[in-house]
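Taking it in order: structure first as structure tokens, then the write-up.
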Amino acid sequence: MFKASLDKPLCTTITGSLPRPAWFTENLSGRPLSTALLGDFTFHEQYVDAVSNCISDQRRAGLDIVTDGDMRFDMDIGGRAWFGYLFDRLEGLSPGALRSLPFGGSPREEQAGDIFHEIMVTRLPPKVIGPIGPGTLEFDVAWKTAQGLTSRPVKFGSCSAQLVDMLVINEHYKDRAETVMALSKATNQEYKRLVDAGCEVLQVEEPCFHFVEDVEWEVSAETYVEAFNLEIEGLRDHCEIWCHTCWGNPFAQNLGYGALYNPILPYLDQLNVDVITFETKYNGFEELADIAAAISSDKKIAIGVISHRHLQVETPEEVAASIRTALKHIDPHRLILSTDCGFGRQGISRKHAFYKMVSLVRGTNIIRKELGLPTSQVIAETPNLAYL
Ligand SMILES: [Zn+2]
């Protein structure tokens with residue numbers, strides 16, 4: 001149900017991740033978050049301060065819904081921790097190891113000397129060696145740490161169970177379809193703990209339809225719909241549920257090979273969610289009309305008006321122009337303004353991310369004024385409060 005974005009036309013947020021502060025040098029390295037927070041003073045101080053920084057930057061930018069910047073993720077290579085946080089903590093999985101790539105690998109993923117190759121070989125996914133359970137994911141600990149620092153709703157996001165399944169080697173379940181259901185049940189149990197703790201907005205990141213739409217694969221798009229709805233079963237009555245989609249984030253690369261949303265829109269619309277996000281900025285909102293026509297009116301549509309791939313900071317006027325384009329297809333009460341994906345840990349810098357967030361809200365405020373809607377305060381643009 002709508003909670004965090006309820007009664008907020010042209011609501012603003014980011015996908016999730018923010019660049020790590022350079023001084024945040026500690027890593028979880030497989031430890032449960034609670035073990036590190038309670039028993040490691042240096043990690044505790046750096047982690048809580050880093051989350052606090054992320055929230056402060058988003059508050060100064062004026063975003064309506066904030067995130068913890070995914071600060072629980074280790075500073076590893078090519079964004080592995082987005083998967084790896086789950087690989088290293090779910091019950092029933094072996095330690096990660098070198099392995100061959102799914103689909104036999106695309107030509108770029110198999111080519112040494114290609115950045116896609118480095119992204120894929122550093123994934124180090126585990127084997128499934130026993131019944132899968134939530135293990136020590138402790139999403140509630142991460143969310144509480146962030147929500148305790150702000151009165152604005154904190155959106156908690158995590159890599160989907162089906163994307164974890166796509167990379168693991170199954171040595172326990174009958175087949176991959178059974179494995180994806182077991183993983184989805186395990187993360188569902190963890191999400192229930194998160195919602196019981198009071199989380200108002202949960203974002204499950206990346207269903208897998210767009211990866212299998214044009215390739216031979218062991219799991220059908222229909223099974224992925226079923227698995228995604230199992231992963232969020234029982235949550236929508238208590239929480240605002242988002243589904244995030246994009247064409248890639250590691251090293252700020254587009255891994256989508258020019259793929260389009262159009263063929264998978266019917267599957268996306270079958271997801272039992274409140275909000276679906278789309279990466280739209282990168283191709284000039286080319287598919288917006290198709291997206292608006294395909295997604296049912298009980299769902300909101302979050303579009304990227306800020307790129308996580310390009311260093312040039314979008315101007316507020318550019319953001320406003322993007323929103324005007326979107327409003328030709330989507331009612332302001334159903335439209336959420338966001339980034340194409342997370343800013344990541346090895347893409348752009350903290351300064352770029354900060355000023356992009358500021359532009360996002362300043363641009364949205366231009367349109368809010370035009371429509372007679374309330375604007376959000378952008379502390380960063382207040383002259384007598386600027387420290388630069
Ligand atoms: Zn993304």
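The values are calculated or read from the model by the stated rules, or taken from the named source; none is laboratory data. Just so you know, these numbers come straight off a predicted model, no measurement behind them. Every residue, glycine as well, gets a Cβ built from its backbone with ideal geometry; the counts of neighbours run over all protein chains shown. Remember, those area values only see protein heavy atoms, side chains included, never the ligands or the DNA or RNA. Shrake-Rupley method; radii C 1.70, N 1.55, O 1.52, S 1.80 Å.
Observations on the model:
- Taking the C-alpha atoms only, the angle from helix 221-231 to the longest principal axis of the chain is near 80 degrees.
- Charge tally around THR375: other residues with Cβ under 10 Å, Lys/Arg +1 each, Asp/Glu -1 each, net +3.
- Judged by the mean number of other Cβ atoms found within 10 Å, the most tightly packed of the peptides 310-322, 360-372 leads the ranking 360-372, 310-322.
- For LYS174, a cut-off of 30 angstrom between C-alpha atoms picks up these lysines, skipping any fewer than 8 places away in its own chain: LYS127, LYS185, LYS192.
- The chain: angle of helix 176-196 to the longest principal axis, Cα-based, in degrees nearest 10: 50 degrees
- Loop-located chymotrypsin sites (Phe, Trp or Tyr not before Pro) in region 174-268, at most 13 other Cβ atoms within 10 Å (DSSP): TYR257
- Estimated 222 nm signal from helices in the chain, with DSSP H stretches of n ≥ 4 weighted -39500 (n - 2.57), rounded to 500: -11000 deg cm²/dmol
- Listed residues ASP74, ASP88, ASP298, most fluctuating in the chain (Gaussian network, C-alpha, under 10 Å): ASP298
- P(r) of the chain over all Cα-Cα pairs, binned every 10 Å from zero, in whole percent: 5, 24, 36, 26, 8, 1, 0
- Gyration tensor verdict on region 171-308 (Cα atoms; rounded if a/c is under 1.5, prolate if a/b is larger than b/c, oblate otherwise): oblate
- Computing Rg and the Kirkwood Rh from the Cα coordinates of region 1-78 gives a ratio, Rg/Rh, of 1.05.
- The chain - percent of accessible surface contributed by carbon and sulfur, probe 1.4 Å: 53 percent
- Fluctuation leader among ARG59, ARG108, ARG236 - the chain, Gaussian network, Cα springs under 10 angstrom: ARG108
- Ordering of 120-130, 77-87, 24-34 by packing is 77-87, 120-130, 24-34, highest average first (other Cβ atoms within 10 Å, averaged per residue).
- FRET efficiency estimate (nearest 0.05) - Cβ-Cβ, LEU6 to ALA321, R0 30 angstrom: 0.65
- Restricting region 162-224 to GluC sites (Glu not before Pro) that sit in a DSSP loop and have at most 12 other Cβ atoms within 10 Å of their own Cβ leaves GLU171, GLU216.
- Fully extending the segment from TRP217 to SER296 would add 25.6 nm, taking 0.36 nm per residue of separation and subtracting the current Cα-Cα distance.
- Each other residue within a Cβ distance under 11 Å of ASP40 adds +1 if Lys or Arg and -1 if Asp or Glu, for a net charge of -1.
- Between 0 and 90 degrees, the angle of helix 41-61 with respect to the longest Cα principal axis of the chain falls at about 40 degrees.
- Heavy-atom accessible surface of the chain, averaged per residue, reaches 39 Å², computed with a 1.4 Å probe.
- Dividing the mean sequence gap of close Cα pairs (under 8 Å, 6+ apart) by how many residues the chain holds gives a relative contact order of 21 percent.
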